[in-house]
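Below: the structure, in structure tokens.
The values are calculated or read from the model by the stated rules, or taken from the named source; none is laboratory data. All values reported here derive from a predicted model rather than from experimental measurement. Cβ placement follows ideal geometry from the backbone for every residue including glycine, while neighbour counts extend to all protein chains displayed.
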Amino acid sequence: MNADNSLNCALPDVQSSADGRHIPIQRVGVKSVRVPVVVASVDGPLHTVATVNMYVSLPAGQKGTHMSRFFRLLDETREPLCKPVLEDLMARMLKTLDAVSGQIEFDFPFFVRKSAPISKQSSLMSYEAGFTVTCENGETTVRERVLTPVTSLCPCSKEISRYGAHNQRSHITIDALCSEALPFEELIRYSEKNGSCELWSLLKREDEKFVTEYAYDHAKFVEDIIRDVATDLNKDARIVSYELQVENFESIHNHSAYALITHDRRTSAV
């Protein structure tokens, strides 16, 4: 036995000691850990930086969990993040920490290369994406999440004004449980195609003209946007359930317009 192993054997394991208060903890772990990760995309592995939360349940009789083990698990995960890799990470976390339930949350910027509508100039567009992995009662689920910015233009403003109409930036957030891995790009398209107009990072003058006129021709309330996105999600048999949110950051009010739809095809006839 080397000196390091001898020292480890001599040090007390306080976390594993008994706790006399006999109160179980549903979630305990580490929060807001920033790590470089690789995410699966339709164009191949995408390198980005994630903020990660990792939690396990703790039985009533155990004093604490072993926080350092969460970091080791993350460091050992080198494959591009996707449903099978995340399910394996959950299994390893529960085994390593001797837990029966847990949750892992990843949030990261996700990038898609897009061509401007008229000039076809290419640029990277950024989105906010993530995964939520949960294990309860022996069942592991992986939820995919993506926030897509779009333009929305007010139908009422268009109808009552002699010229122009007010528009605003809108955020469409899809949080979906899927029967199979679904590319983030597909969830993004469900959102972009149902706004008044999608966004691009780089636009030339001819593109700006197109975007302005396209949004004017596709005026939508927050209720219109969310119902149109929900219609597409309901048609996709791979999507088992979802929580859909739309927030319009109003340009003529000091508040947002907001809508929420939840759907679970396991309990709904839609």
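Residues that are surrounded by 17 or more Cβ atoms within 10 Å (Cβ to Cβ) and among the charged types (D, E, K, R): does the range 162-174 have at least one?
No, the range 162-174 contains no residue that is surrounded by 17 or more Cβ atoms within 10 Å (Cβ to Cβ) and among the charged types (D, E, K, R).
Of the residues LEU86, LEU153, only one is of a type outside the set (Asp, Glu) and more than 16 Å from the chain's Cα centre (by Cα); which?
Of LEU86, LEU153, the one residue that is of a type outside the set (Asp, Glu) and more than 16 Å from the chain's Cα centre (by Cα) is LEU153.
Condition first: among the hydroxyl-bearing types (Ser, Thr, Tyr) and either under 17 Å from ALA181 (Cβ atoms) or touching a helix residue (DSSP H, G or I) at 6+ places or on another chain (Cβ under 7 Å) (or both). Now tell me which residues in the range 51-107 satisfy that.
Residues satisfying the conditions are THR65, THR77, THR96.
I'd like the full set of residues that are hydroxyl-bearing (Ser, Thr, Tyr) and part of a loop (DSSP other than H, G, I, E, B), limited to the range 217-270.
SER251, THR267, SER268
Under 9 Å between Cβ atoms, which residue pairs at least 6 apart in sequence (or on different chains) link something in the range 249-265 that is within 16 Å of LEU177 (Cα to Cα) with a partner that is exposed (fewer than 12 other Cβ atoms within 10 Å of the Cβ) and at pLDDT below 95?
HIS263/VAL270
For the range 23-59, name all the residues that are of a type in the set (S, T, N, Q) and in contact (Cβ under 8 Å) with a residue 24 or more places away in the chain.
GLN26, SER41, THR48, THR51, ASN53, SER57
Tally time: how many residues in the range 156-213 are part of a helix (DSSP H, G or I), touching a helix residue (DSSP H, G or I) at 6+ places or on another chain (Cβ under 8 Å) and closer than 27 Å to THR267 by Cα?
The total comes to 2.
Does SER179 satisfy the criteria of being more than 22 Å from TYR127 (Cα to Cα), under 19 Å from the mean Cα position of the chain (by Cα) and at pLDDT below 95?
Criteria met by SER179.
Quick one: is GLU159 surrounded by fewer than 20 Cβ atoms within 10 Å (Cβ to Cβ) and closer than 25 Å to ASN234 by Cα?
no
Which condition breaks for PHE221 when tested against (1) surrounded by fewer than 17 Cβ atoms within 10 Å (Cβ to Cβ); (2) farther than 26 Å from GLY130 by Cβ; (3) modelled with pLDDT of 95 or more?
(1)
When only residues in the range 49-63 that are surrounded by fewer than 17 Cβ atoms within 10 Å (Cβ to Cβ) and over 10 Å from ASP98 (Cβ atoms) count, which is modelled with the lowest pLDDT?
GLY61
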